[in-house]
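Have a look at the structure below before the remarks.
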Amino acid sequence: AAGISDTMHRRDQALEQVHPEVEQARAQGSMTRESLASILTGRYYTELARDDVKWPTFFEENIFVAEVLRDSGYRTWGISSFIYVVPKYGFGQGMSELDTRILKLRSKVHWNRTSDLVTDFTLAKIDSWSEGEKRPFFIMSHYADPHSGYQRHREAPRFGGFTADLYDEEIFFTDMQLGRLFDGLEERGLMKDTIVVLTADHGEGLVREKDHGHIYHGQHLYDNLIHVPLIVWAPGFEGRRIQEPVATIDIVPTLFDLTGIKNRGRLSGVSLVPWLQGNPTQKHPPVVSQKYQPSRKAKIALLQWPHKIIWNIPLNTWELYDLSTDPNELANLADEVDGKLLRELQWMVKAWRATVGERTSQVSLP
């Protein structure tokens, strides 16, 4: 579900009331082209074989979650409502089909509602599998309505006339369509043995004055662009809130753990099953996000609760925030905190970059 922000910006005043210990999932990038592939592979953008252009193509040597599940006997299918999430760029790997008909049916999808069709086509595909051989299935349903440009929805309340209010209407409408999807799964008797993961590949800037001088997304690694929802429904698990920071790169290893798949390939995320069970035996590794493009604005953010450090690489400058007291990242503490803490976090960021964030051997041209 592209572009759902961390606080959802329900009202301007809600920005002032965000509790610092809400669920702490982070995307590994602040734009689709640097984030979605990580969700679908369990690896960082810079680890993936791709070309190095504005809209990169991910190459066949990468292993996507759908490929592993297909080879384990699953039916695999996807539905896209966004012009980048198409086979041309590598996102169809492992799927019997990545259905892109919405792009024609609702041309200029940025300026059209599409979530209703995503639900319609997803349920129709499930129904088409109801006859014949019984096999487990994997579906990626990509809901892109909560994304610029923002549309009015007659089904939604009128929250107001500002950008954030239109965004709320987008969220309201998409929430309705997700409700239809979940109701449809329930009516078909599938919720008792189906895993559902709801997340986003980035957030959104909506109020320039409050969102670090930017609207839309992709410009930086502050939390309004990378703090995203992550909800996991898995039969046999009790509902709980996970307050320890986790990452969307953890989704693939979590799915493999829940489905018992052993042949996983190399993954950089960790399984969240211990957290879903409520009994993790160790802390989650520091959560890293990166902005790779353009190189003149490259950044890396590392979160080790409650501290989040951001390295502005070309300028070699640092920002440090205490999210427990400053969730909106307004007070840079880099020049004020204990030097030992700053040096430790800087070392962690540089070590990550040296081992993961600069694997240029993985980048090749077709």
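The values are calculated or read from the model by the stated rules, or taken from the named source; none is laboratory data. Since the model is a prediction, treat every value here as computed from it, not as a measurement. Positions of Cβ are generated from backbone atoms using ideal geometry, with glycine treated the same way; all protein chains shown enter the neighbour counts. For the accessible areas, the whole protein counts, side chains as well, though only heavy atoms, and no ligand, DNA or RNA atoms are used. Shrake-Rupley method; radii C 1.70, N 1.55, O 1.52, S 1.80 Å.
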Item checked: Count of the stretch 244-303 residues which are among the aliphatic types (A, V, I, L, M), part of a strand (DSSP E or B) and out of contact with any Pro (no Cβ under 7 Å at 6 or more places or on another chain) -> 5
Next item on the list: Identify, from the list Ala66, Ala37, the residue that is open to solvent by less than 10 Å² (accessible area, probe 1.4 Å) and under 15 Å from His202 (Cβ atoms).
Entry: Ala37
Check: Just for the stretch 40-61: of the residues that are open to solvent by less than 10 Å² (accessible area, probe 1.4 Å) and not β-branched (Val, Ile, Thr), which one is nearest to Ile139 (Cα to Cα)?
Finding: Gly42
Margin query: Looking at the stretch 29-49, I want the residues that are more than 19 Å from Glu61 (Cβ to Cβ) and touching a residue at least 24 places away in the same chain (Cβ under 8 Å) and have a partner that is small (Gly, Ala, Ser) and surrounded by fewer than 23 Cβ atoms within 10 Å (Cβ to Cβ) with Cβ atoms under 6 Å, at least 6 apart or on another chain. Which pairs are those?
Written below: Ser30/Gly218; Met31/Gly218
Check: Only one of (1) at pLDDT below 90; (2) surrounded by fewer than 16 Cβ atoms within 10 Å (Cβ to Cβ) fails for Leu341. Which number is that?
Finding: (1)
Check: Counting just the residues of the stretch 304-317 that are touching a strand residue (DSSP E or B) at 6+ places or on another chain (Cβ under 7 Å) and not in a strand (DSSP E or B), which one comes out surrounded by the fewest Cβ atoms within 10 Å (Cβ to Cβ)?
Finding: Pro306
Note to self: If I filter the stretch 318-325 for residues that are under 30 Å from Val53 (Cβ atoms), open to solvent by 20 Å² or more (accessible area, probe 1.4 Å) and touching a residue at least 24 places away in the same chain (Cβ under 8 Å), do I get at least one hit?
What the structure shows: yes
Note to self: Being surrounded by fewer than 23 Cβ atoms within 10 Å (Cβ to Cβ), touching a Phe, Trp or Tyr at 6+ places or on another chain (Cβ under 8 Å) and of a type outside the set (D, E, K, R) is true for just one of Pro136, Pro229, Pro146, Pro235. Which residue is that?
What the structure shows: Pro136
Next item on the list: Report, by residue number, each residue of the stretch 187-216 that is hydroxyl-bearing (Ser, Thr, Tyr) and more than 30 Å from Phe137 (Cα to Cα).
Entry: Tyr216
Note to self: Quick check on the stretch 116-126. Is at least one of its residues open to solvent by 20 Å² or more (accessible area, probe 1.4 Å), in a loop (DSSP other than H, G, I, E, B), within 19 Å of Thr194 (Cβ to Cβ) and of a type in the set (Phe, Trp, Tyr)?
What the structure shows: no
Checklist line | Search result, residues across the stretch 69-88 that are without any contact (Cβ under 8 Å) to a residue 60 or more places away in the chain and either in contact with a helix residue (DSSP H, G or I) (Cβ under 8 Å, 6 or more places away or on another chain) or buried (at least 21 other Cβ atoms within 10 Å of the Cβ) (or both) | finding: Ile83, Tyr84, Val85, Val86
